[in-house]
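Engineer: Let me give you the structure first, and then I'll get to my questions.
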Amino acid sequence: MNRDTDQRISDVLHAIDRCTRYVGALDGGDADLVETAEDAIERNLQIIGEAANHLPADTTDEHPEIAWPQIRGFRNILVHQYFGVDVDVVRDVVETYLPPLAGALRIHAVTE
């Protein structure tokens, strides 16, 4: 099934929203909830990386402030080096790098 650019942008934005909601659970005392949140965030980061990988160059070129290669690369780390994923790095990605990405894509989605 092929997805167009608007669908890919929507996929990224929905995944960012999920990550943002779930990151608070990483501070919880319930080990099962923390583990579930880690799994959910990592899955959504994979979605973000995969969708970003399929965005056309004209879309990504409009936002040079976004680290597109790192987004794609982080997806590969999550998938292929899953055993070495550090939850503090995941939290940093969600809290530091996803808000600017969401802003850039929301602006893009509105102007299209």
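Engineer: If I model a spin label as a point 7 Å beyond the Cα along the Cα-Cβ vector, how far apart are those points for Thr5 and Glu95 in nm?
Structural biologist: Going by the 7 Å Cα→Cβ label model, 3.4 nm.
Engineer: Connecting C-alpha atoms closer than 10 Å in a GNM of the chain, tell me which of Glu42, Glu50, Glu65 has the biggest fluctuation.
Structural biologist: In the Gaussian network model the winner is Glu65.
Engineer: Leu55: net charge of surrounding residues, Cβ under 12 Å, Lys/Arg +1, Asp/Glu -1, itself excluded?
Structural biologist: Net of charged neighbours comes to -4.
Engineer: Report the FRET efficiency, 1/(1 + (r/R0)^6), for Ile77 and Thr20, where r is their Cβ-Cβ distance and R0 is 22 Å, rounded to 0.05.
Structural biologist: Values: r = 20 Å, r/R0 = 0.93.
Efficiency, from the Cβ-Cβ distance: 0.60.
Engineer: Heavy-atom accessible area per residue, the chain, 1.4 Å probe: how many Å²?
Structural biologist: With the other protein chains kept in place, the chain gives 59 Å² per residue.
Engineer: Mind putting a number on the dipole of the range 4-106 about its Cα centre? Charges go on the C-beta only, +1 for Lys and Arg and -1 for Asp and Glu, and I need it in Debye to the nearest 20. Provide the component values of the computation, followed by the final result.
Structural biologist: Details: 8 positive and 20 negative charges, 36 e Å.
Taking the Cα centre of the range 4-106 as origin, the dipole is about 180 debye.
Engineer: Please state the shape class of the range 56-112: rounded when a/c is under 1.5, otherwise prolate if a/b exceeds b/c and oblate if not, all from the C-alpha gyration tensor.
Structural biologist: Note, shape of the range 56-112 comes out prolate.
Engineer: Using DSSP to call loops (not H, G, I, E or B), can you name the trypsin sites (Lys or Arg not before Pro) in the range 1-110 whose Cβ has at most 16 other Cβ atoms within 10 angstrom?
Structural biologist: Arg3
Engineer: Okay, moving on. Once a ≥ b ≥ c are taken as the square roots of the eigenvalues of the Cα gyration tensor of the chain, is the result rounded (a/c under 1.5), prolate (a/b larger than b/c) or oblate (a/b not larger than b/c)?
Structural biologist: The shape class here is prolate.
Engineer: Of Val12, Asn44, Asn2, which is farthest along the charge dipole of the chain in the positive direction, counting Lys and Arg as +1 and Asp and Glu as -1 at C-beta?
Structural biologist: Asn2
Engineer: Rounded to whole Hz and in sequence order, give me ³J(HN,Hα) for the range 4-17 from the Karplus expression 6.51 cos²θ - 1.76 cosθ + 1.60, θ = phi - 60°, writing x for Gly and Pro.
Structural biologist: 7, 4, 4, 5, 5, 4, 4, 4, 5, 4, 5, 5, 5, 4
Engineer: For the chain, give the percent of accessible area contributed by carbon and sulfur heavy atoms, probe 1.4 Å, rounded to a whole number.
Structural biologist: 51
The values are calculated or read from the model by the stated rules, or taken from the named source; none is laboratory data. From a predicted model like this one, the values you see are computed outputs, not experimental measurements. So basically every Cβ, Gly included, is an ideal-geometry build from the backbone, and we count neighbours across all protein chains shown. SASA here: full protein model, heavy atoms, side chains in, ligands and nucleic acids out. Shrake-Rupley method; radii C 1.70, N 1.55, O 1.52, S 1.80 Å.
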